[in-house]
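Have a look at the structure below, then the notes.
The values are calculated or read from the model by the stated rules, or taken from the named source; none is laboratory data. As the structure is a computational prediction, the values presented were derived from the model and not from experiment. Cβ: placed from backbone, ideal geometry, glycine included. Neighbour counts: every protein chain shown.
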Amino acid sequence: MSARIAILDYGMGNLRSAEKALEHVGVSARISRDPVEVRAADGVILPGVGAMPRAMERVREYGLDELIAERRGAGVPILGICLGLQLLFESTTEFGGSDGLGLLEGPVGELDADGLKVPHIGWSPVRWERESRLTEGLPSGTPFYFVHSFAPRPSAADLLGSAEYGSRFACAAERENVFGVQFHPEKSSAAGLRLLSNFAGICAKSLTTA
Amino acid sequence: MILYPAIDIRGGQAVRLLQGDYAHETVYDADPVDAAARWGGEGAEFLHVVDLDGAKAGSPQNLDAVRRIAAAVDCPFQVGGGLRDAKSVAALLEAGATRVVIGTAALRDPDFLDTVVAEHGERVVVSVDARGGKVSLSGWTEATERDVEETVRELGERGVARFLCTEIDVDGTMEGPAVSELSRIATSTPAGVIASGGVGHLGDLKRLAVLGRVTPNLEGVIVGRALYEKNFTVAEAIEALR
């Protein structure tokens, strides 16, 4: 049975490209912020583009902070993409600072680009720091597409992948059923589709074991 | 990376131009369908067809050849040249083209671009021709101040799924593709990029394949003269691009 995935709509982001990419790998995706629809989904994607403090305001305004925590508690796989990944962490220093959802350990901070142009826009090879179901079939060093000025500083336990831009930064994290990637899998050609398809596979699996 | 053997049609024949100059033309096949059948028969995965008459006239002039190519080959193919309105785009797709390639009009007429992208999505390729990092229009006769990387990024954000990037100064020369320019363009967008211009030897294809490992959206290369001059075969080219 294939998984149904909810793409959380909190009014910030490029939701259509994530939806299209999921459709492309044969996953039924629904853009929503309706708790009934989100609870019916086997997996949740938290997308997003923009600044984290404002995004957190929106997330709280729509009650999605509680909904995400509830789904996490229910064992539903959650994937944060770009700003969505940053929201899963504990806090950020962006624009005077803000709390995050705290489902992954660590803060979010400015990219240390060592004089390179920020935002970091483009393709960078990603090194996996450990094995994960999310990265199955994707060799360490596979390039993914990035657009960001901030990056998370996960705890060693949550660190899944890193990339280099001026300095090495964390760009993928995982803790139990919570996953996040700083790059855009929905814009990263075949490798990105594979990662999304892996995530859908994790969702389908947790469905059969639940 | 996908090899796109190029078939340029002018006056009903398959020709190659040097740097887009109509005065420097070499005729290779009296019937472009022969060229298509030959490249298809040798294992090409995708063909790139340019209607040079259409490019000059401002509307497709070789629809019949497109229909005959569609009937003669099994592999998909894209067609460009003179596409300036939604009707011509629809006519080409109906004639059997897998994708259409839009050039100048995509940059001059944003409404036209939005219309065809909304209607045909991934079947629309936008061709961006460049000289020294700046965009050139109208079959390279008109230089602009538009930055190629910015143009590609903007159009990508507007929904263009794939670009065809030609470096004018090396096109038709077989002196090697503009690798560093291509790298900068491919890095600036998540959209697909097909490289065009300058391929002469298998080593050129190998260099592009290496670049494609770093920027996986660099997904194809157009080869014209080098195939017609038998510098290498389609099979050798495909192998070099692996």
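Based on what the data block shows, is B:Asp169 surrounded by fewer than 19 Cβ atoms within 10 Å (Cβ to Cβ), more than 15 Å from the chain's Cα centre (by Cα) and in contact (Cβ under 8 Å) with a residue 40 or more places away in the chain? Even if it seems obvious, please write down each step before you answer.
Details: surrounded by fewer than 19 Cβ atoms within 10 Å (Cβ to Cβ): yes; more than 15 Å from the chain's Cα centre (by Cα): yes; in contact (Cβ under 8 Å) with a residue 40 or more places away in the chain: yes.
Yes.
The residues in segment B:177-208 that are of a type in the set (A, V, I, L, M, F, W, C), within 14 Å of chain A (Cβ to nearest Cβ) and either in a loop (DSSP other than H, G, I, E, B) or over 17 Å from the mean Cα position of the chain (by Cα) (or both) can be counted, and the count is 1. Looking at segment B:203-217, can you tell me whether even one residue there is polar (S, T, N, Q), closer than 21 Å to A:Phe146 by Cβ and touching a residue at least 12 places away in the same chain (Cβ under 8 Å)? Yes, there is a match, as at least one residue in segment B:203-217 is polar (S, T, N, Q), closer than 21 Å to A:Phe146 by Cβ and touching a residue at least 12 places away in the same chain (Cβ under 8 Å).
Just for segment A:112-152: of the residues that are farther than 25 Å from B:Val193 by Cβ and part of a loop (DSSP other than H, G, I, E, B), which one is farthest from the chain's Cα centre (by Cα)? For segment A:112-152, the residue satisfying everything is A:Gly115.
Could you please give the count of residues in segment A:72-89 that are more than 15 Å from the chain's Cα centre (by Cα) and either touching a residue at least 24 places away in the same chain (Cβ under 8 Å) or under 18 Å from A:Ala29 (Cα atoms) (or both)? Write out each step before concluding.
The first filter runs over segment A:72-89 and keeps only residues more than 15 Å from the chain's Cα centre (by Cα), leaving A:73-75.
When the remaining residues are screened for being either touching a residue at least 24 places away in the same chain (Cβ under 8 Å) or under 18 Å from A:Ala29 (Cα atoms) (or both), the result is A:75.
Matching residues across segment A:72-89 total 1.
Scan segment B:209-237 residue by residue and report those that are within 14 Å of another protein chain (Cβ to nearest Cβ) and either part of a loop (DSSP other than H, G, I, E, B) or within 16 Å of the chain's Cα centre (by Cα) (or both). B:Thr215, B:Pro216, B:Asn217, B:Leu218, B:Glu219, B:Gly220, listed by residue number. Taken over segment A:2-41, the residue count meeting the criterion of being more than 19 Å from A:Pro185 (Cα to Cα) and either in a strand (DSSP E or B) or in contact with a Cys (Cβ under 7 Å, 6 or more places away or on another chain) (or both) is 1. Picking from residues in segment A:85-100 that are farther than 20 Å from A:Gly161 by Cβ and assigned to a loop (DSSP other than H, G, I, E, B), the one that is nearest to the other protein chains (Cβ to nearest Cβ) is A:Thr93. Considering only segment B:225-241, I want to know if a residue exists there that is within 30 Å of B:Arg108 (Cβ to Cβ) and among the aliphatic types (A, V, I, L, M). Scanning segment B:225-241, I find no residue that is within 30 Å of B:Arg108 (Cβ to Cβ) and among the aliphatic types (A, V, I, L, M), so the answer is no.
Pick from segment A:193-210 the residues that are hydrophobic (A, V, I, L, M, F, W, C) and closer than 15 Å to A:Glu131 by Cα: which of them is farthest from the other protein chains (Cβ to nearest Cβ)?
So the first thing to find is which residues in segment A:193-210 are hydrophobic (A, V, I, L, M, F, W, C), and the list is A:193, A:195-196, A:199-200, A:202-204, A:207, A:210.
Filter once more, so that each one left must be closer than 15 Å to A:Glu131 by Cα: A:195, A:199, A:202.
Numbers: A:Leu195: 13, A:Phe199: 18, A:Ile202: 23 Å.
Here the answer is A:Ile202.
The residues in segment A:153-187 that are within 24 Å of A:Ala69 (Cβ to Cβ), of a type in the set (Gly, Ala, Ser) and either facing chain B (nearest Cβ under 10 Å) or more than 13 Å from the chain's Cα centre (by Cα) (or both) can be counted, and the count is 3. If A:Val36 satisfies every condition in (1) surrounded by 15 or more Cβ atoms within 10 Å (Cβ to Cβ); (2) modelled with pLDDT of 95 or more but one, which is the exception? In the conditions (1) surrounded by 15 or more Cβ atoms within 10 Å (Cβ to Cβ); (2) modelled with pLDDT of 95 or more, A:Val36 misses (1) alone.
From B:Glu154, B:Glu122, B:Glu145, grab the single residue that is at pLDDT below 90, surrounded by fewer than 22 Cβ atoms within 10 Å (Cβ to Cβ) and either within 17 Å of the chain's Cα centre (by Cα) or not in a loop (DSSP other than H, G, I, E, B) (or both).
Working: B:Glu154 fails: at pLDDT below 90; B:Glu122 fails: at pLDDT below 90.
The match here is B:Glu145.
When A:Ala190 is tested against the conditions (1) within 14 Å of chain B (Cβ to nearest Cβ); (2) outside any strand (DSSP E or B); (3) more than 13 Å from the chain's Cα centre (by Cα); (4) under 16 Å from A:Cys82 (Cα atoms), the lone failure is (4).
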